[in-house]
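K.L.:
Take this structure first; my questions come after.
The values are calculated or read from the model by the stated rules, or taken from the named source; none is laboratory data. These figures come from a predicted structure and were not determined experimentally. Backbone-built Cβ (ideal geometry, glycine too); neighbour counts: all protein chains shown. Only protein heavy atoms, including side chains, enter the accessible area calculation; ligands, DNA and RNA are left aside. Shrake-Rupley method; radii C 1.70, N 1.55, O 1.52, S 1.80 Å.
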Amino acid sequence: MPVELRKVSYTYAPGTPYAAPALKELSLTVGDGEFVGVMGRTGCGKSTLIQLIAGLAAPSDGQIFLDGENINERQFDRNLLRQKVGVVFQFPEIQLFETTVQKDVAFGLKYLDRSREQKEAAVRQALEWMGFDYEAVRNRSPLGFSGGEKRRLAIAGVLAVMPKFLILDEPLAGLDPLGRDAFLELLRKLNQGGMTIVMISHDADALAEYADRIVILKDGMLFKDGPAAQVFSDYKGLEANGTGAGQVSGIAERLRLRGWEIPAGTIRYRRLLDEIAGRWTQ
Amino acid sequence: MRQLPVGLYQPADSVIHRLSGSAKLLCMLLLLIGVVNTTTLPGYGIWVLLTALLIRLARISPGTALGSAVRLKWFFGVILFMNLCFYQPEDPWVRWWIFSPSYAGLIQGIQVVARVFLLLAMSNVLMVSTAPLVMTDAMERLLSPLRLIGVPAGLIAMILSVAIQFIPTLFEETDNIRKAQTARGARFDSPRLWDKAKAVLPLLVPVFLAAFKRADELSMAMEARGYRGDTQSRKKKYPPFQTADWLALLLCAAVAAAFVMIR
Ligand SMILES: Nc1ncnc2c1ncn2[C@@H]1O[C@H](COP(=O)(O)OP(=O)(O)O)[C@@H](O)[C@H]1O
Ligand SMILES: [Mg+2]
């Protein structure tokens, strides 16, 4: 189910001295099954973009379509939107509130038309994906966990619904390296299972490795949009924008300056290793 | 958050903005004395005009100035209804079950609503036209004579300033949590009252947790930076009142006095 933004603008606190244009005539389409990485410097409008797609704020101007339907029309079914689009916000751990882990993770399933068994299975699956032992944690209070664990619980609460479209706002910030890799692998698996994923991140290495397409925002407008290999190949442009192109692109660029012929689009770790190893054997 | 929180300071260049904080605070108190001593409908008419004038002078949009009062329309409705039906059961128009609406009740209800409305509008003008730090300084200044009888003016001002600075943060946090829970399926925007009621818990629990956490962190940070609560030693020099400040005080005092006298 594609999401399409047509010339979307958004201004915070319009008509006051605090008016802040956050998005300016942004047009963007995300197709079914894509894994899109969104980058851009702080304040460029990434979080605002998410809120608009999730229908949590209405654009000041322009339209947003989900499966061809304008999500801000009166007759549009908001509850269907909530079911189709899952959002992992920045610092999602603040959203925990129930008395037990089981209840909190099941919160989003409350209004869905599923049997008790199906709901329980979904909660179990989501918790296991996020690295918890279902039986061990189900009756504990979600507030008694550490910060990182709370974040994983909150993400489980979003995954339990199995949204067709998953948006994540800087989910990697603050994860330890092992947790980060495991989480990225999970996202890849979900994506391969058909889930469309849009992930905001400053981690160019992660996006280079896992995303198919990269969108970079700048001052509320589109700065770059294209296949990851193409966008990250513009090493100098990205560095100049302050976004960064990731370590692999950086090393490839350095080697090119030394006269090595590393093909453009070498943005993944394994590819680079292969290139270097290939040279050694020659 | 399309809308700004109620009472958020909005910088502008107006007569009201330029008044000193303590003068504004005193003027506000004087005007309040005037309002609560008003007993006639024409009197309230004058107050409405005066408030409109204040809003004009401060160059605030009517929406900003009256927003908080308008949001309380249900509250006002209930107050009016209660007064109308229960204020004077001895001499009602009609008697029905426990309700006995009366003329005196109607007048009393209008009066209470008018007072609260005016109070909200005026304090909004004050808040919107005064930077938070200026405001707490003004409070400290007005409270400082009470030091002589042992009132910790500095401490009170600090508490107020922390509280005031917390408001926008809490507002933003509430907004974030509301959005997160909405995305998870909480039905804040449902027209059904029962859905709305059920959505309260997912909002309140995290907001309170966040507030306590913030308070905890702030107190630790303040202690780590050596705050000990006694600001006695810090004798502040306050700038003297300007002509405009005296003029404003004089005007407000005159208005208040007039209303007290004709009462
Ligand atoms: N609640 C808000 N009120 C006013 N301005 C805001 C608010 N949230 C964000 N902004 C402004 O909108 C712009 C985009 O913000 P945001 O979408 O949060 O950026 P990002 O997520 O890319 O860091 C920024 O310039 C920011 O100052
Ligand atoms: Mg952000």
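K.L.:
In this structure, does B:Ile177 turn out to be under 27 Å from B:Met127 (Cα atoms), surrounded by 15 or more Cβ atoms within 10 Å (Cβ to Cβ) and within 14 Å of chain A (Cβ to nearest Cβ)?
P.N.:
Judged against the criteria, B:Ile177 is a match.
K.L.:
Determine which single condition B:Leu148 fails, assuming it passes every other condition in (1) part of a helix (DSSP H, G or I); (2) more than 27 Å from the chain's Cα centre (by Cα); (3) within 11 Å of chain A (Cβ to nearest Cβ).
P.N.:
(3)
K.L.:
Go through segment A:236-259 and count every residue that is more than 22 Å from A:Gly43 (Cα to Cα) and of a type in the set (Ser, Thr, Tyr).
P.N.:
Within segment A:236-259, residues that are more than 22 Å from A:Gly43 (Cα to Cα) and of a type in the set (Ser, Thr, Tyr) number 1.
So that you can scan it fast, the table gives a plain yes or no per residue for (1) within 14 Å of chain B (Cβ to nearest Cβ); (2) on the phi > 0 side of the Ramachandran plot; (3) modelled with pLDDT of 90 or more; (4) buried (at least 17 other Cβ atoms within 10 Å of the Cβ):
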{"site": "A:Pro92", "(1), (2), (3), (4)": "yes, no, yes, yes"}
{"site": "A:Ala106", "(1), (2), (3), (4)": "yes, no, yes, yes"}
{"site": "A:Ala121", "(1), (2), (3), (4)": "no, no, yes, no"}
{"site": "A:Ala126", "(1), (2), (3), (4)": "yes, no, yes, yes"}
{"site": "A:Met130", "(1), (2), (3), (4)": "no, no, yes, yes"}
{"site": "A:Pro142", "(1), (2), (3), (4)": "yes, no, yes, yes"}
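K.L.:
Then there's this: Return the pairs, sorted by first residue and then second, in which the second residue is of a type outside the set (A, V, I, L, M, F, W, C) and outside any loop (DSSP other than H, G, I, E, B), the first residue lies in segment A:43-60 and is more than 8 Å from every other protein chain (Cβ to nearest Cβ) and more than 6 Å from ligand 1 (Cβ to nearest atom), the beta carbons are less than 7 Å apart, and the residues are 6+ apart or on different chains.
P.N.:
Note: pairs meeting the criteria are A:Ile50/A:Asp169; A:Leu52/A:Tyr10; A:Gly55/A:Arg78; A:Pro59/A:Ser9; A:Pro59/A:Tyr10; A:Ser60/A:Ser9; A:Ser60/A:Tyr10; A:Ser60/A:Thr11.
K.L.:
All but one of (1) surrounded by fewer than 14 Cβ atoms within 10 Å (Cβ to Cβ); (2) assigned to a helix (DSSP H, G or I) hold for A:Gly259; state the number of the condition that does not hold.
P.N.:
With (1) surrounded by fewer than 14 Cβ atoms within 10 Å (Cβ to Cβ); (2) assigned to a helix (DSSP H, G or I) applied to A:Gly259, the lone miss is (2).
K.L.:
From B:Leu8, B:Leu29, which residue is away from chain A (no Cβ under 14 Å) and either more than 16 Å from ligand 2 (Cβ to nearest atom) or at pLDDT below 85 (or both)?
P.N.:
Numbers: B:Leu8 fails: away from chain A (no Cβ under 14 Å).
Answer to the selection: B:Leu29.
K.L.:
Let me ask you something else. Can you name the number of the only condition in (1) surrounded by fewer than 21 Cβ atoms within 10 Å (Cβ to Cβ); (2) within 16 Å of ligand 1 (Cβ to nearest atom) that A:Gln75 fails?
P.N.:
Failed condition: (2).
K.L.:
Hey, any hits in segment A:81-88 for a residue that's farther than 29 Å from A:Arg140 by Cα and either within 12 Å of chain B (Cβ to nearest Cβ) or open to solvent by 50 Å² or more (accessible area, probe 1.4 Å) (or both)?
P.N.:
Taking segment A:81-88 first, the residues farther than 29 Å from A:Arg140 by Cα are A:81.
This time we only want the ones that are either within 12 Å of chain B (Cβ to nearest Cβ) or open to solvent by 50 Å² or more (accessible area, probe 1.4 Å) (or both), so: A:81.
Among the residues of segment A:81-88, at least one is farther than 29 Å from A:Arg140 by Cα and either within 12 Å of chain B (Cβ to nearest Cβ) or open to solvent by 50 Å² or more (accessible area, probe 1.4 Å) (or both), which makes the answer yes.
K.L.:
Take the conditions open to solvent by 60 Å² or more (accessible area, probe 1.4 Å), away from chain A (no Cβ under 14 Å) and more than 20 Å from B:Phe259 (Cα to Cα) and apply them to B:Asp13. Does it pass? Reasoning before the result, please.
P.N.:
Working: open to solvent by 60 Å² or more (accessible area, probe 1.4 Å): yes; away from chain A (no Cβ under 14 Å): no; more than 20 Å from B:Phe259 (Cα to Cα): yes.
Judged against the criteria, B:Asp13 is not a match.
K.L.:
I've got another one for you. Taking the conditions exactly as written (within 14 Å of another protein chain (Cβ to nearest Cβ) and surrounded by 14 or more Cβ atoms within 10 Å (Cβ to Cβ)), does B:Ala23 satisfy them or not? Quick ask: steps written out before the conclusion?
P.N.:
On the way: within 14 Å of another protein chain (Cβ to nearest Cβ): no; surrounded by 14 or more Cβ atoms within 10 Å (Cβ to Cβ): yes.
Against the criterion (within 14 Å of another protein chain (Cβ to nearest Cβ) and surrounded by 14 or more Cβ atoms within 10 Å (Cβ to Cβ)), B:Ala23 does not qualify.
K.L.:
Can you tell me how many residues within segment A:108-119 are open to solvent by less than 90 Å² (accessible area, probe 1.4 Å) and either modelled with pLDDT of 90 or more or part of a helix (DSSP H, G or I) (or both)? Full working, then the answer.
P.N.:
Going through segment A:108-119, the residues open to solvent by less than 90 Å² (accessible area, probe 1.4 Å) turn out to be A:108-109, A:111-112, A:114-115, A:119.
Cutting the leftovers down to either modelled with pLDDT of 90 or more or part of a helix (DSSP H, G or I) (or both) gives us A:108-109, A:115, A:119.
Result for segment A:108-119: 4.
K.L.:
Looking only at segment A:10-59, count every residue that is within 16 Å of ligand 2 (Cβ to nearest atom), of a type in the set (A, V, I, L, M, F, W, C) and more than 13 Å from the chain's Cα centre (by Cα) and tell me the total.
P.N.:
8
K.L.:
Continuing with the same structure: Which condition from (1) modelled with pLDDT under 80; (2) open to solvent by less than 50 Å² (accessible area, probe 1.4 Å) is the one that B:Thr182 breaks?
P.N.:
(1)
K.L.:
Does segment B:93-116 contain at least one residue that is outside any loop (DSSP other than H, G, I, E, B), closer than 25 Å to B:Leu160 by Cα, outside the structural domain of B:Ala163 (by TED's automatic domain parsing) and touching a helix residue (DSSP H, G or I) at 6+ places or on another chain (Cβ under 8 Å)?
P.N.:
The answer is yes, given that some residue of segment B:93-116 is outside any loop (DSSP other than H, G, I, E, B), closer than 25 Å to B:Leu160 by Cα, outside the structural domain of B:Ala163 (by TED's automatic domain parsing) and touching a helix residue (DSSP H, G or I) at 6+ places or on another chain (Cβ under 8 Å).
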